[in-house]
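Visitor: Let me give you the structure first, and then I'll get to my questions.
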Amino acid sequence: MKSQISNAMLLAIIINIVYAKAIGVTQGIIARQAGGDMWIVTIFSTLFGLLIMSLTVLIIKRTPEKNILEQTKLLVGKWGEKLIALLMFTFFLGAYGGIMITVVYHLMDYFLPEVPTYIFVALVTIVGVYGIMKGVEVIARLAVLGVFSIIVLNILLLLGSLDYFEIESFLPVLRNGFFNAVEVTKHHNADWAMATLMVAIILPMVKQKEKWMKYSTKALILGGGFILMWPILEVGVLSPEVAGQYIVACMQMARSAEIGLFVHRYELIMVIFFAISALIQVMMCLLCASISAKHIIGGNNLNFLLIPVAVILGVFGYWVVNDHIRAMDLLTYYWPRVAMPITFAVPIIVFLLGFIFKKKLTKGNLDAPS
Amino acid sequence: MKKIMICCTFLSLLFCVGLFGKEEIDDLAMVMAVGVDKAENGEIWVTAQVVRPADARGDAGVGGTEGDPIWTATGEGKTIFEAIRNLARFSSRRIYWGHNAIIVISEEVARDGIVDVIDFFTRNNELRMRTWIVVTEKKANEVVAVKTGLEVIPGRSLDRLFRYSPIVAEAPRTDVMSLSASYIGEHVHPYLAMVRLRSRGVDPENPKEFGSIPQIELSGIAVFRDDQMVGRLNPRESRGFLWFVEDVGNAIIPLSCPDEEGPVSVELRDNRFQLTPNYKNGKVSFIATVETVTDLVELGCPTELEHSEVMEDLESDVAAYIKKDIEVMLEKVQKEFKVDAIKLGRAFQAKYPQYWNDLKDDWDEIFPEIEVKVNVKVELNNPQLLENPTRKGKD
Amino acid sequence: MDLTKQLEQDVFVRLKQNLDEIEKLLGNSSDVVKRDFFIMNNNTFEATLIYIDGLVDETKIEETVLAPLLNNNRDLQFLSELTKSEEIATALTKKLLLIPSINKVSTFQDVINELLAGNTVLFVDHCVQCFVLATQGWDTRGIEEPQSDTVIRGPRDGFVESIRANTALVRRRIRDPMFRLQSLQIGKRSKTDVAIAYIDGVVREGLVDEVLERLNRIKIDAILESNYIEEFIDDAPNSPFMTVQGSERPDKIAAGIYEGKVAIFVDNTPFVLLVPTHFWTFLNTSDDYYTQYWMGSFFRFIRYIAFIISLTLPSLFVMLVSFHQEMIPTPLAITIAAGREIVPLPILLEALIMELAFELMREAGLRMPKQIGQAVSIVGSLIIGQAAVEAGLVSPIMVIVVATTGIASFAIPNYFASVSIRLIRFPILIASGVLGLLGFATIFVVVLIHALSLRSFGEPYLAPVFPFSSSDQKDTLFRAPWWAKEKRPADVKDEPERESENQKPSPEK
């Protein structure tokens, strides 16, 4: 892998890739299924994410020059690689649907209800492709800006809605039961899965492998913290019932926030500051999908595959978002069923494979001197 | 380079197709206030107060002729949506809800149910969630059409009326957000502020007929069961109600002097309200504790006493006054309306989640029987600027 | 015989031949001056001075060349003893000529080059070499205060058109033995002198080679201004962003050299280039560093705001008014609507027309002679600000928006950077007028990605903010006091310490 990014950039990318979808669409689903416990669900899920992330970093650390797909190839050969790559591609294809739901419903439903859906999908995908053509490093730099804007957005929203905060809404804690809360984490886990699987692919591009673990877990904790503010505010200000009422819960948050008489609508502030994060999701998802596709087909040229992959993902995304009901059905009921097995299976399988074929690993490392 | 060119062409093509949803600000009829009424034939009447920018901002470089700053029109239909659609028959511009400040619902409509009002105004992406929503005793269209207040645009004055309402503290600040939250929420019931028209404005050309112009007054609360209004609270009851739902703010409590005739007023400064549920032997009870620090703002009776002595006497009066407010309100809400609009259930659930599951289905039956003990502690120690009460200096 | 072959010839021994050859090469140009004389009135030593009128300092020639050679009063006994041409040459340089710098050249190529560069060539009969006398001297503009990049406090000298004067201005600010100045000539016909300057040991490794390589790659017939060079060595030739900074201020260039950058001097222009360049430097002025640091930081902060306004204000306004009216605070929305009540144009068109009018005014005011320029701006602003609003052609708020944007763009200290920001503004404006927030966000992010992907001589263009370098933040958003800026920027090669520690002034203990 040619482009090299720093660990701090990795941190930024991880925070960004989770944030946009997690604060709004996911929280809405969680609110519907866990009610006032949504913030606890978010914490649980971040812990799950931490676990999988550590596992992923451990896996990649065994062969620091190779991403998870190349490592699989080393362990079990070409067909194993293709199988894992296919799983990953499926995951990112599905994830793209979720991301499109986030981006399009934020913009379309609240701002431009009369603009046709395809324009949103097409523009966002084109910007994504443009970003990838400029390289991972550029995306990573954009992600740094994304983190700044996430922080600004969080602070502004906090200021705008603290007046209406009611601590009573949090009680009782775990009102729908512990196990329900754990089960509902699957929705947010699917977001974290995007981060872990992406890390599995791009980690070899990151400099200073000894700091990988520190930064990726730090990113998870920071990102989890940034996201956690939202369910807490959504419970305290909106009440979980209202948060669950809407498709995009965070926009509802923004719609009800205000500072004084003048700054009375937050939607615009919200979308401006969150756009970068959302676009980084799009870019990284496209990038990971095309890298997976490259491993399925076996070609070498990433740019060659980029456009077809973008078209596939874009068409799929359009199909998903074109119908609100279908989109939410897919995201609520089907997506966790697809995402969860892949999230857990891919790292665990590769991890175990590594134990079985330990010799190949050490040999592979010798073959590729750093 | 070629790729960038292709991207650019594609983008520009998209933009050419993309002139959608473009309605400039001067193509919009900006609704400032809206009223929902019921006609005699059962149809819904929606009255919108639309701002006429040229007259609302006369001299912005363009010649606005002297005219009314607002234009009010009514549309009728079987549903709210249809009525609003029909409004467009009279409007040369698109009816636009983005700047709506207030929704007024007539009591008639409120008693029939306001679920369609909630639905329409939360489903629409133009509306703000912090739009005020109130109930009026008579016709909503009268409230919407009336020219009132200090502002050029009456809708704005209604908006401000709400913003500064804590000064009087006789009505809650209810907006679409809180309405929908309490409508959707389990075991809580909505309540809305009430407005009414009172002839209190003075016509400058005819000052002898004092109070000939109707003004809008904000006071009272409409209590709902689910989406149907079940009754209203008068201003004093409303103040008792407010303790349970939001900050009372700087309310004024009028009293009379301890010994002699004459008015005394205290102003609430720093309020604390606590609701403690108890569950013993299958019986639910509550203790409501009010703690408040007040200022003496008026002492209109000649007295030889020192401030400190007067205040000591007054403290218990204030406490009794507040306690009475709350108790009268509780009586009405519990026994007459039988609706848990004061969120007792929520408080109970928060403290006893384990018992709540058994009780929640019967809560409507339990609620009227709940005993609520009211404790009021008043601290009165600030006479403002004066060191001694205003005394007669003649003897 | 073609020109190259002619030029490659060696100088002849006989004077006559040489003069014929020169005449063939230079033609009958009227400014070529030939002065025949006998050295010391001795008929055996026939000699000719050739120079180009206007490029030489004639007083100098008179005092240091002609006076000593024509002087009869000296003892010239030794001259008559000389017969060999080498001896004449030695005698001339060692005993006769008073001029400080003498070169000997032997091909016509060199002769012509030196002539055209403003030196005087002395041919002596029977001599196999000819002498190049450094007599350059032409009328130059004196050192004046620069027209761009003006400061309230700080040095007032600016670069002039002469490369030597310019390098001297910088050299005076850097009395460091490691200061290096390398010269080269670019331009097949113009033979423009170009010099690069840097401090060895401070400059980033490989940067000098990179700059030299890029300069040497240039094949062009003439260089008239440093922008020619700039466009050839630009990292992003198609980008509206400038990745090479030009400045008229010697202090700015010296500061850049101290930070490990390389300056490129070009003859005949007062604009000296500095590479690598970061975007933020276009928003900085020398004033920031010469005034107290609170002030400096405040000015800088204002300029960042100016940058954001000048980039986005019209787009945001158009976007809000034509798509997202609910986002405008109600009183403002009513005011805007009132202003637009009788305006016949759609808001996007209105904005474009106003922007165009503003650009026209700016351009007209700029090219006119100063006095007329002022009249142009007064008339223009009256027409646009007053009459157009009263006639109902544009709304007053739009005038305010465009004027604010214009003023903001003038607040950006580097004129060319401000123009490039203005160029980027138009696509954003059109996109937000067509697709609202979606268009605005899309184009904005595209511009952002583009800017992020830029590099200037290997340096990320938006550094040190993206990628974020915490140690360099002391001179980005705020200007830290001098005693706090202990390190040079992170990309400087070695000796990162700029100053010793703990220099914050404090009362004696």
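The values are calculated or read from the model by the stated rules, or taken from the named source; none is laboratory data. If you're wondering where the values come from, they're calculated on a predicted model, not measured in any experiment. Please note: Cβ atoms are built from the backbone with ideal geometry, for glycine as well, and neighbour counts cover all protein chains shown. Only protein heavy atoms, including side chains, enter the accessible area calculation; ligands, DNA and RNA are left aside. Shrake-Rupley method; radii C 1.70, N 1.55, O 1.52, S 1.80 Å.
Visitor: Hey, among the residues in segment C:433-450 that are more than 7 Å from every other protein chain (Cβ to nearest Cβ) and among the hydrophobic types (A, V, I, L, M, F, W, C), which one's nearest to C:Leu348 (Cα to Cα)?
Guide: The extreme case among them is C:Phe440.
Visitor: Among all residue pairs at least 6 apart or on different chains, which show Cβ distances below 8 Å where the first residue, located in segment C:223-241, is without any contact (Cβ under 8 Å) to a residue 40 or more places away in the chain and the second is among the acidic types (Asp, Glu) and open to solvent by 20 Å² or more (accessible area, probe 1.4 Å)?
Guide: Between residues of segment C:223-241 that are without any contact (Cβ under 8 Å) to a residue 40 or more places away in the chain and residues that are among the acidic types (Asp, Glu) and open to solvent by 20 Å² or more (accessible area, probe 1.4 Å), the close pairs are C:Pro237/C:Glu231.
Visitor: Follow-up. Hey, among the residues in segment C:423-481 that are in a loop (DSSP other than H, G, I, E, B) and free of Cβ contacts under 8 Å to residues at least 40 places away in the same chain, which one's nearest to C:Ser239 (Cα to Cα)?
Guide: C:Phe466
Visitor: Also, I was wondering about something else. Can you name every residue in segment C:302-326 that is among the polar types (S, T, N, Q) and facing chain B (nearest Cβ under 9 Å)?
Guide: Passing the criteria: C:Ser322, C:Gln325.
Visitor: Let me ask another. From the list A:Leu268, A:Leu238, pick out the single residue that is modelled with pLDDT under 85 and touching a His at 6+ places or on another chain (Cβ under 8 Å).
Guide: A:Leu268
Visitor: Looking only at residues that are among the acidic types (Asp, Glu) and within 14 Å of another protein chain (Cβ to nearest Cβ) in segment A:200-244, which one is surrounded by the fewest Cβ atoms within 10 Å (Cβ to Cβ)?
Guide: The qualifying residue surrounded by the fewest Cβ atoms within 10 Å (Cβ to Cβ) is A:Glu241.
Visitor: Those residues that are open to solvent by less than 20 Å² (accessible area, probe 1.4 Å), of a type in the set (A, V, I, L, M) and outside any helix (DSSP H, G or I), I need them from segment A:245-274; list them, please.
Guide: A:Val248, A:Ala257
Visitor: Ok, one more. Out of A:Leu75, A:Leu58, A:Leu145, I need the residue that is closer than 20 Å to A:Val271 by Cβ and either at pLDDT below 90 or assigned to a loop (DSSP other than H, G, I, E, B) (or both). Which one?
Guide: Residue meeting the stated conditions: A:Leu145.
Visitor: Taking segment B:233-257, which residues are open to solvent by 50 Å² or more (accessible area, probe 1.4 Å) and touching a helix residue (DSSP H, G or I) at 6+ places or on another chain (Cβ under 8 Å)?
Guide: B:Arg236, B:Asp247, B:Asn250
Visitor: Here is a further query. Restricting to segment B:107-132, give me the number of residues that are within 16 Å of the chain's Cα centre (by Cα) and outside any loop (DSSP other than H, G, I, E, B).
Guide: 4
Visitor: Which of the numbered conditions does B:Arg272 fail, given that it passes all the others? Conditions: (1) surrounded by 16 or more Cβ atoms within 10 Å (Cβ to Cβ); (2) modelled with pLDDT of 80 or more.
Guide: (1)
Visitor: Please find, among C:Asp149, C:Asp139, the residue that is at pLDDT below 90 and under 24 Å from C:Ser101 (Cβ atoms).
Guide: C:Asp139
Visitor: Now for a separate question. Of (1) farther than 26 Å from B:Asp27 by Cβ; (2) open to solvent by less than 50 Å² (accessible area, probe 1.4 Å), B:Thr122 satisfies all except one. Which?
Guide: All conditions pass for B:Thr122, except number (1).
Visitor: Have a look at C:Pro329, C:Pro344 and point out the one that is within 12 Å of another protein chain (Cβ to nearest Cβ), out of contact with any helix residue (DSSP H, G or I) (no Cβ under 8 Å at 6 or more places or on another chain) and open to solvent by less than 20 Å² (accessible area, probe 1.4 Å).
Guide: C:Pro329
Visitor: In addition: Would you mind telling me which numbered condition in (1) modelled with pLDDT of 80 or more; (2) loosely packed, with under 11 Cβ neighbours inside 10 Å B:Gly345 fails?
Guide: Every condition holds for B:Gly345 apart from (2).
Visitor: Okay, moving on. For the condition within 26 Å of C:Met361 (Cα to Cα), within 12 Å of chain B (Cβ to nearest Cβ) and open to solvent by 30 Å² or more (accessible area, probe 1.4 Å), what is the one hit in C:Ile430, C:Ile407?
Guide: Residue meeting the stated conditions: C:Ile430.
Visitor: Right, another one. Quick check: anything in segment A:165-173 under 30 Å from B:Glu186 (Cα atoms) and at pLDDT 85 or above?
Guide: no
Visitor: Now a separate question. Restricting attention to segment C:200-217, which residues are more than 26 Å from C:Gly158 (Cβ to Cβ), in a loop (DSSP other than H, G, I, E, B), in contact (Cβ under 8 Å) with a residue 24 or more places away in the chain and touching a strand residue (DSSP E or B) at 6+ places or on another chain (Cβ under 9 Å)?
Guide: Selection gives C:Arg204 alone.
Visitor: If I ask for residues that are touching a strand residue (DSSP E or B) at 6+ places or on another chain (Cβ under 9 Å) and either more than 7 Å from chain C (Cβ to nearest Cβ) or surrounded by fewer than 23 Cβ atoms within 10 Å (Cβ to Cβ) (or both), which ones from segment A:116-142 would you list?
Guide: If the condition is that a residue be touching a strand residue (DSSP E or B) at 6+ places or on another chain (Cβ under 9 Å) and either more than 7 Å from chain C (Cβ to nearest Cβ) or surrounded by fewer than 23 Cβ atoms within 10 Å (Cβ to Cβ) (or both), then A:Val136, A:Glu137, A:Ile139, A:Ala140 are the ones that fit.
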